[in-house]
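The values are calculated or read from the model by the stated rules, or taken from the named source; none is laboratory data. Computed from a predicted structure; not experimentally measured. So basically every Cβ, Gly included, is an ideal-geometry build from the backbone, and we count neighbours across all protein chains shown.
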Amino acid sequence: MKKSSIIFFIILFLVLFFYLFFKQGTLPVNKNNKSTKIFVITPGQPLQKIIDNLEKEELIRSKIVFFLVVKQLGIEKNIQAGDFRLSQSMNAYEIANNLTHGTLDVWVTIIEGLRKEEIAEILSKKFNISQTEFIKLAKEGYLFPDTYLIPKNADSKMIINILKNNFNNKFNQNLKKQAEKKGLTVDEVVTLASIVEKEAKHKQDKKTVASILLKRLKNDWPLQVDASIQYALGYQINEKTWWKKNLSLDDLKIDSPYNTYKNKGLPPGPICNPGLDSIIAVIESDINTPYWYYISDKNTNMHYAKTLEEHERNIEKYLR
């Protein structure tokens, strides 16, 4: 047999082998199994990890073939984060196409320190809900910041319950008992934590700031925090934000129960929705801290002071 003929048959064999391999790999894992399972893709999950999980869940026959199917269809960038109802009776093409649309739930991330109006705005862009209704029903401070997978047909009440249930899971009985030993109710912890969340940008500062605030409370000092004034002022049309950047002397005189310059004690309630780090910082705070004052410089670094004179020097040095 001529050398060219041998090469021809080898190529023909390889083409036939690849065709059968590819064809076999696209078939359903079990065409008779019509039952479905929920398959979840997290935000930013790489394609290879998705394929690995599909094989682990026994939804595809071959990782290599499924990768080639995705490339063939050109849908790699169209695969969505969410959860999908898939079946072993689906072939590779059906599964691949399903991952580009029709998610059962929607991923939503709520960062620490947002007030309920800001959260309402985020949710209204993803769900068919009224911002006004959400704001009316939601309780400030208890909309726990986290990344959620929420049913896309959820209404305001369902979403609020999901966020509140997560709050109760994170602020667990152990933390509540610790708060009780410190003489703090859950509402007091959350209110203090919401102030800490806005005042201290870095985790390492939260406990110290919480300690100073609690020390002021125990010694009948006004808290004198800018964040509570910002909350009272509300939405700033010119700045397009709920948190005014630079407060004036007139702002500090605003007639509001949230004015912690004029009123001693805690404000009537939380000023935002704090994360777990801020909650724990309050629970672990120590009123025996030597500091009475703190400021945050332009780079959000904290500077502490034991006396008013030292505090004024910090202001002169870092804020002027």
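In region 138-154, the residue that is surrounded by the most Cβ atoms within 10 Å (Cβ to Cβ) out of those that are among the charged types (D, E, K, R) and at pLDDT 95 or above is 140. Just a yes or no: is a residue in region 98-111 farther than 30 Å from residue 272 by Cβ, in contact (Cβ under 8 Å) with a residue 24 or more places away in the chain and among the β-branched types (Val, Ile, Thr)? Within region 98-111, one or more residues are farther than 30 Å from residue 272 by Cβ, in contact (Cβ under 8 Å) with a residue 24 or more places away in the chain and among the β-branched types (Val, Ile, Thr).
Look at (1) more than 21 Å from residue 243 (Cβ to Cβ); (2) of a type outside the set (Lys, Arg); (3) within 20 Å of the chain's Cα centre (by Cα) and you find that residue 199 fails only one, number (1). Consider region 225-245 and keep the residues that are among the small types (Gly, Ala, Ser) and surrounded by fewer than 20 Cβ atoms within 10 Å (Cβ to Cβ). The one that is farthest from residue 259 (Cα to Cα) is 234. Against the condition modelled with pLDDT of 95 or more, surrounded by 18 or more Cβ atoms within 10 Å (Cβ to Cβ) and more than 20 Å from the chain's Cα centre (by Cα), how does residue 187 come out, does it pass? Against the criterion (modelled with pLDDT of 95 or more, surrounded by 18 or more Cβ atoms within 10 Å (Cβ to Cβ) and more than 20 Å from the chain's Cα centre (by Cα)), residue 187 does not qualify.
Checking 135, 129, 160 one by one, the residue that is outside any loop (DSSP other than H, G, I, E, B) and crowded, with 17+ Cβ neighbours inside 10 Å is 160 and no other.
With the condition kept exactly as written, say whether any residue in region 1-20 is at pLDDT 90 or above, loosely packed, with under 10 Cβ neighbours inside 10 Å and of a type outside the set (Ser, Thr, Tyr). Outline the logic, then answer.
Going residue by residue through region 1-20, those that are at pLDDT 90 or above are none.
Checked region 1-20: no residue is at pLDDT 90 or above, loosely packed, with under 10 Cβ neighbours inside 10 Å and of a type outside the set (Ser, Thr, Tyr).
Is it fair to say residue 260 is among the polar types (S, T, N, Q) and more than 19 Å from residue 292 (Cβ to Cβ)? Don't jump to the end; show me each part of the working.
Values: among the polar types (S, T, N, Q): yes; more than 19 Å from residue 292 (Cβ to Cβ): no.
No: the conditions fail for residue 260.
If you go through region 283-320 and pick out every residue that is surrounded by 15 or more Cβ atoms within 10 Å (Cβ to Cβ) and at pLDDT below 90, you end up with 1.
Just so you know, in region 99-116 the residues that are within 18 Å of the chain's Cα centre (by Cα) and surrounded by fewer than 16 Cβ atoms within 10 Å (Cβ to Cβ) include one that is nearest to residue 60 (Cα to Cα), and it is 109. Considering 198, 206, the condition of being touching a helix residue (DSSP H, G or I) at 6+ places or on another chain (Cβ under 9 Å), within 21 Å of residue 122 (Cβ to Cβ) and part of a helix (DSSP H, G or I) is satisfied by 198 alone. Here is the figure for region 68-86: residues that are under 31 Å from the mean Cα position of the chain (by Cα), under 18 Å from residue 26 (Cβ atoms) and part of a helix (DSSP H, G or I) total 2.
Are any residues in region 43-88 among the small types (Gly, Ala, Ser) and within 22 Å of residue 147 (Cβ to Cβ), and if so, which ones?
First, pick out the residues of region 43-88 that are among the small types (Gly, Ala, Ser): 44, 62, 74, 81-82, 87.
Matches in region 43-88: 44, 81, 82.
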